[in-house]
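Every number in this text was worked out from the coordinates using simple rules, so none of it is lab data. Bear in mind that the values here come from a model prediction, so they are computed numbers and not experimental data. Please note: Cβ atoms are built from the backbone with ideal geometry, for glycine as well, and neighbour counts cover all protein chains shown.
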Amino acid sequence: MNKLLAALIATVFSAAVFAQTTPAAPAAPASAAKAEAKAEKKDVAKTEKSAAKGEKKVAKKSSKKAKKAAAEDKKAS
């Protein structure tokens, strides 16, 4: 009976110790995933920035065309 109790107690302690240990292998892929997410976020920001520049250029060109048309209408009048 004493041996059985000792074995059960040892099993409980070993299970608790095993549950506390952290595996080292999954930590590296998590860092890689984090780096990949950071790079993706950077790409999205870059794309948004270039899209905003493109919209700004289009707006600028259209305002120049409108001014030019207004000037021609003024000359024609």
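Kirkwood-type hydrodynamic radius, the range 37-77: 12.4 Å, calculated from all non-identical alpha-carbon pairs.
Other residues within the sphere of radius under 12 Å centred on the Cβ of Gly54, judged by their own Cβ, net out at +4 (K and R +1, D and E -1). Length gained on full extension, Ala39 to Ser14: 4.8 nm, using 0.36 nm per residue less the C-alpha separation. Model label sites at Ala70 and Lys57, defined 7 Å from Cα along the beta-carbon direction, differ in position by 2.5 nm.
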